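The structure is given below, and queries will be raised subsequently.
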Amino acid sequence: MASFEDRAYTNSLEYTLKELRRELREREQHLAELRASQEEGILSPIAQVQVITAAFNEVTNAEPFVPMAGSLLPSLLAMRKTHTIIAESNALAKEQAKEQEAQNRQLEADRATLKDQNLIHEALSARIASLQEELSSNAEVTRGDAVNEKRAELKQKAKDFSRRKRQLMIDLLGFMERELAPLLVAEEMGGPVVGDLMDVDARDLAAGFTAQGKLKKTGKADAGRDKSQRRIDEIWGNTGDDAGSRRPNVDNQRRRPLNDVEAAAEEMRWLTEQLLNKLTEAGGNTEDSYVTIGRESAAVRFLIRSKVAQYHPRDISRIKLIDFGRELEE
């Protein structure tokens with residue numbers, strides 16, 4: 001069935017082509033006859049106009065060429081026109097899609113801008129209302145009341161500052177006793193420096209450390225206690241005449257530490273207090289802010305490594321607290 005339709009379609013195309021060729025031959029023959037019958041020589045302008053007019057009249061009065069019944073020429077022309085319209089429509093649709101996408105992006109940007117503008121407007125309105133309320137309330141307050149209110153506000157801030165400072169000191173001392181002191185003792189015993197060993201049990205310190213800086217599995221209790229006592233004497237100082245050479249008398253009245261961890265915590269507390277007090281009492285004088293240390297202990301090394309304190313440029317037995325506040329003020 002499909003083969004028969006293909007043959008019929010092919011025959012129709014061949015017939016239409018023959019018809020067009022016949023019409024073309026007739027037109028060419030007619031044109032040749034016109035050229036042959038034309039008189040030789042140059043026509044006058046009037047004659048040229050007459051010839052052109054006669055040609056137009058003949059073409060106008062002649063019956064238009066109409067394909068014979070069953071010709072595929074109308075279908076081909078309609079198909080070509082349809083194809084052209086479809087191609088133009090697709091191109092226009094793509095162009096319209098691009099324009100719509102650009103318009104959508106612009107719409108989203110405008111919406112975001114409008115949202116920001118609304119938020120800014122709301123914030124400004126709230127701020128204006130707050131300022132107006134504050135202005136109206138201040139207008140009813142006398143100068144004396146304003147001074148008293150400001151004084152009360154400053155006193156409250158001072159109380160809050162003192163309370164926060166006490167809490168910070170409590171937290172700092174607690175950190176020294178619970179976390180830092182065992183690590184300082186481990187470094188004093190030949191273990192890793194503070195920071196390399198993140199956690200250590202105070203009960204494991206009695207066994208000591210190996211030459212490689214690792215905790216020993218077992219150790220003699222008496223030897224451990226002797227070493228611990230020597231370290232306490234080194235950190236806290238003996239009870240002899242030179243006990244007060246490094247600390248003020250008020251510090252010697254404190255309870256003597258019972259073990260290494262307490263001694264390390266007490267030394268760290270003493271160093272911190274002395275550094276803070278010296279820096280405050282120096283009043284900006286760099287030379288007066290140094291604290292004399294008896295030895296380079298693990299606590300001193302920790303403060304130096306942490307960039308909390310620094311050595312004297314010409315005397316390593318003296319350290320001072322780094323004045324962070326001065327750098328911020330400058």
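Could you say which residue among 77, 72 is in contact (Cβ under 8 Å) with a residue 60 or more places away in the chain and among the aliphatic types (A, V, I, L, M)?
Values: 77 fails: in contact (Cβ under 8 Å) with a residue 60 or more places away in the chain.
Answer to the check: 72.
Going by the conditions given, is residue 304 over 18 Å from residue 267 (Cβ atoms), surrounded by 11 or more Cβ atoms within 10 Å (Cβ to Cβ) and β-branched (Val, Ile, Thr)? Walk me through it before giving the result.
On the way: over 18 Å from residue 267 (Cβ atoms): no; surrounded by 11 or more Cβ atoms within 10 Å (Cβ to Cβ): yes; β-branched (Val, Ile, Thr): yes.
Here the answer is no, as residue 304 does not meet what is asked.
Answer yes if at least one residue in segment 232-251 is at pLDDT 55 or above, closer than 22 Å to residue 172 by Cβ and out of contact with any Pro (no Cβ under 9 Å at 6 or more places or on another chain), and no otherwise. Reasoning before the result, please.
First, pick out the residues of segment 232-251 that are at pLDDT 55 or above: 233-234.
If we keep only those that are closer than 22 Å to residue 172 by Cβ too, we end up with none.
No: segment 232-251 contains no residue that is at pLDDT 55 or above, closer than 22 Å to residue 172 by Cβ and out of contact with any Pro (no Cβ under 9 Å at 6 or more places or on another chain).
Okay, next question. Do the conditions hold for residue 170, that is, is it modelled with pLDDT of 95 or more, in a helix (DSSP H, G or I) and out of contact with any strand residue (DSSP E or B) (no Cβ under 7 Å at 6 or more places or on another chain)? It would help to see each step written out before you state the result.
Details: modelled with pLDDT of 95 or more: no; in a helix (DSSP H, G or I): yes; out of contact with any strand residue (DSSP E or B) (no Cβ under 7 Å at 6 or more places or on another chain): yes.
Judged against the criteria, residue 170 is not a match.
If I ask for residues that are in a loop (DSSP other than H, G, I, E, B) and either closer than 17 Å to residue 64 by Cα or at pLDDT 75 or above (or both), which ones from segment 23-44 would you list? Outline the logic, then answer.
Keep residues of segment 23-44 that are in a loop (DSSP other than H, G, I, E, B), which gives 38-44.
Within segment 23-44, just 44 meets the criteria.
Continuing with the same structure: Which residue out of 181, 126 is in contact with a helix residue (DSSP H, G or I) (Cβ under 8 Å, 6 or more places away or on another chain), assigned to a helix (DSSP H, G or I) and surrounded by 10 or more Cβ atoms within 10 Å (Cβ to Cβ)?
From the options 181, 126, the qualifying one is 181.
The values are calculated or read from the model by the stated rules, or taken from the named source; none is laboratory data. Small disclaimer: the values here were computed from a predicted structure and weren't measured. When we count neighbours, we look across all protein chains shown, and the Cβ atoms used for this are built from the backbone with ideal geometry, even at glycine.
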